[in-house]
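Participant: Sharing a structure, written as structure tokens. Questions coming.
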Amino acid sequence: MVKGVGVMVTTGVIARLFSLVSAPILTRLVGPSPYGILALIGTVSSLAASVALVGIDLAYARYFFAGRGDHSSAVESFCWRFALGLGLLFSMTAGIGWWRLIPSASVHRDLALMAGLTTMAAVTSVMATTRQRIRGAYARIAMATLAGTGVGILVSLLLARFWRPDSWAMLSGTLVGSILSLGILGLPRGQFLLQKSTLDSRERRGLLGLGLASMATAPMFWVINSADRWFLGLWVGAGAVGVYAFSASLGLSGMMINSAITTAWFPEVSREFEHSGECAPRNIARLWARLAGLHMVTWLAVTAAGGDLVRWLADSRFHGGANLIPWIAGGVFFSGLADLANTGLFLKKDLKPTALWWAAGATFNVAANSLVIRSFGPMGAVIVNCLTFALIAGGMIWSAQSRLYLPLPWGRLGVAALVALVAGNFLALPWSESAWRSLLLKFPVGILTGGLLGWVLAPDWMRRIFLIQRSPSLV
């Protein structure tokens, strides 16, 4: 489990570096508006993909370990056939929806094809990644992620430079990267997909029931992460959405940690729960707290570096978004906490409270954004999003603990959160007029603060690291 998270976190960091290296070139080539269009079409395709999956990927990871041999194969066959069938349907829906949504006079209407293709690529990618997750093939997932990201960015840069510097170039690069990633991940054999699953009706209802409950969170997540962009586009314009989206691309860097943890966490925690008996809650709680600490360190790192990176890497037209990043990173932190909070509900196969809390969060988000963005613009939007995820995380922790109690070390978690919050308030400010000098000045302070958080939440791990550093022969 820890090894899997480590591999995926490292992969996410490297993939993010690809984006950072390309940012100075791409932002100058295309400008803010194509970033805004990319963000808007992304909201359409992500919603369509989420609805098409109906949470079947999560049910796939949970039920695969509930049986053995032929039963696991039957679960896999059913989930793949179901996901690909709905994926094809909703890919066409996304394309038609984009065509109808965009005014006929707009030059962006012809992106309807890309909306459909990126939707199908997203559905297939989620299923292919889940297939490798349950097999513990994290190295293969890492290879696919890095190759897809790197090639996708390279294609986007080449197309923007030599073909057309707009959203077509960016979307084409993304699609090429997705196809390459799928080629590395691999898909089930055609004969396997054509074979009818042997699950009986009760087992299928159980799979779909768990999936549908978790699926309810997907459109809610889409609403929360898209409403701000649509309100900004309506009241401020596509340029502002582009600046906001670029800042979000840095502020959301912590999502790679969230994705890495989720990739390894749910299949492995399911295996632990099924096989470890009475020891499982204690073991799960111990690692739960440490992963929460990793989210704190991630928030601190993004908060400290994000504003300086905007000033250093991006064109001056994007610099106004630097002060949004701490709040964006705060939303990512609480989103990661909500994923961890889902553990108890996932293991008990009862995700109804998850759906209810996400619905409450989405309702609050839309209502608050409609009141705040017109007056406070992007800053109001990021504060609302952060508060939304905090509400969801708090509610889900309460619900999950009432169903499967995990002995979490709340005292240590509180101390660590206070340390991170105090340090983040100082590190968020620029420490020099030069962005790179500011980053260098902050770096040792950030390392020391991260180490302190490690000692608070994982003292045994820190002692082991310290001993290895003093005595390399212990390795």
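The values are calculated or read from the model by the stated rules, or taken from the named source; none is laboratory data. Keep in mind that this is a model prediction, so the values were computed, not measured. Cβ placement follows ideal geometry from the backbone for every residue including glycine, while neighbour counts extend to all protein chains displayed. Surface areas here come from the heavy atoms of the whole protein model, side chains and all, with no ligands, DNA or RNA. Shrake-Rupley method; radii C 1.70, N 1.55, O 1.52, S 1.80 Å.
Participant: May I ask you to evaluate 6.51 cos²θ - 1.76 cosθ + 1.60, the Karplus curve with θ = phi - 60°, for each residue of region 205-210 and list the ³J(HN,Hα) values in order in whole Hz, giving x for glycine and proline?
Facilitator: 5, x, 4, 5, x, 5
Participant: Got a number for the accessible area of F443? Probe 1.4 Å, square angstrom, nearest 10.
Facilitator: 140 Å²
Participant: At 1.4 Å probe size, what's the solvent-accessible area of H295? Round to the nearest 10 Å².
Facilitator: 10 Å²
Participant: How many nm separate the modelled label positions at F426 and T198, each set 7 Å beyond the Cα in the direction of the Cβ?
Facilitator: 6.4 nm
Participant: Something else: Please compute P(r) over all alpha-carbon pairs of region 403-442, binned at 10 Å starting from zero, and give each bin as a whole-number percent.
Facilitator: 26, 29, 22, 15, 7, 1
Participant: What does the accessible area of W299 come to, in Å² to the nearest 10, when a probe of 1.4 Å is used?
Facilitator: Surface accessible to solvent at W299 totals approximately 40 Å².
Participant: Compute the Cα gyration tensor for region 261-395, then decide on rounded, prolate or oblate, letting a ≥ b ≥ c be the square roots of its eigenvalues: rounded whenever a/c is under 1.5, prolate when a/b is larger than b/c in the other cases, and oblate in all that remain.
Facilitator: Because a/c hits 1.5 or more and a/b fails to exceed b/c, region 261-395 counts as oblate.
Participant: I would also like to ask the following. Once you put a point 7 Å from the Cα of S316 and another 7 Å from the Cα of E433, both along the Cβ direction, what distance in nm separates them?
Facilitator: Once both label points are built, they end up 1.4 nm from each other.
Participant: Kindly identify region 85-232 as rounded, prolate or oblate by the Cα gyration tensor criterion: order the square roots of the eigenvalues as a ≥ b ≥ c, call it rounded if a/c is under 1.5, otherwise compare a/b with b/c, prolate if a/b is larger, else oblate.
Facilitator: Taking the square roots of the gyration eigenvalues as a ≥ b ≥ c, region 85-232 is oblate.
Participant: Using each residue's phi in region 115-123, evaluate 6.51 cos²θ - 1.76 cosθ + 1.60 at θ = phi - 60° and report the 3J(HN,Hα) Karplus result to the nearest Hz, with x for Gly and Pro.
Facilitator: 4, x, 5, 5, 5, 5, 4, 5, 4
Participant: Roughly how large, in nm² to one decimal, is the mean projection of the convex hull of the alpha-carbon atoms in region 44-153?
Facilitator: About 7.5 nm², averaged over all directions.
Participant: Oh, and also: Show V419, V269 ordered by accessible area, largest first, where the area counts protein heavy atoms only and the probe is 1.4 Å.
Facilitator: Putting V419, V269 in descending order of accessible area: V419, V269.
Participant: Could you state the number of Å between the C-alpha centres of region 405-447 and region 252-270?
Facilitator: Measuring centre to centre over Cα atoms gives 22 Å.
Participant: For W99, W398, W358, W431, give me the order by solvent-accessible area with a 1.4 Å probe, most accessible first, ignoring ligands, DNA and RNA.
Facilitator: W398, W99, W431, W358
Participant: While we're here: About its Cα centre, how strong a charge dipole does the chain have in debye, to the nearest 20, once Lys and Arg get +1 and Asp and Glu get -1 at the Cβ?
Facilitator: The dipole of the chain has a size of about 500 debye.
Participant: Follow-up. For the chain: lysine pairs with Cα atoms under 29 Å, gap of 8 or more or different chains, count?
Facilitator: Summing the qualifying lysine pairs gives 5.
Participant: Work out the FRET efficiency for Q401 and L452 from their Cβ-Cβ distance, taking R0 = 41 Å, and round it to the nearest 0.05.
Facilitator: 0.90
Participant: Which of rounded, prolate or oblate describes region 318-475 when judged by the alpha-carbon gyration tensor and an a/c cut-off of 1.5?
Facilitator: Here region 318-475 falls in the oblate category.
Participant: Another question, if that's okay. Based on the Cα coordinates of the chain, what is the per residue volume of their convex hull in Å³?
Facilitator: 153 Å³
Participant: Can you give the calculated 222 nm mean residue ellipticity of the chain, where each DSSP H run of n ≥ 4 adds -39,500 (n - 2.57) and the sum is split over every residue, rounded to the nearest 500 deg cm²/dmol?
Facilitator: Calculated at 222 nm, the ellipticity per residue is -29000 deg cm²/dmol.
Participant: Rounded to the nearest 0.05, what FRET efficiency do I25 and L89 have when you use their Cβ-Cβ distance and R0 = 30 Å?
Facilitator: The computed FRET efficiency comes out at 0.20.
Participant: From the Cα trace of region 241-287, what convex hull volume per residue do you get, rounded to a whole Å³?
Facilitator: Considering the Cα atoms of region 241-287, their hull volume per residue is 75 Å³.
Participant: Something else: Using the Karplus curve 6.51 cos²θ - 1.76 cosθ + 1.60 with θ = phi - 60°, what ³J(HN,Hα) values do you get for each residue of region 137-144, in whole Hz, with x for Gly and Pro?
Facilitator: 8, 5, 4, 5, 4, 4, 4, 5
Participant: Let me check something: with ligands and nucleic acids excluded, how do K348, K196, K442 order by accessible area (1.4 Å probe), largest to smallest?
Facilitator: Largest accessible area first, the list is K196, K348, K442.
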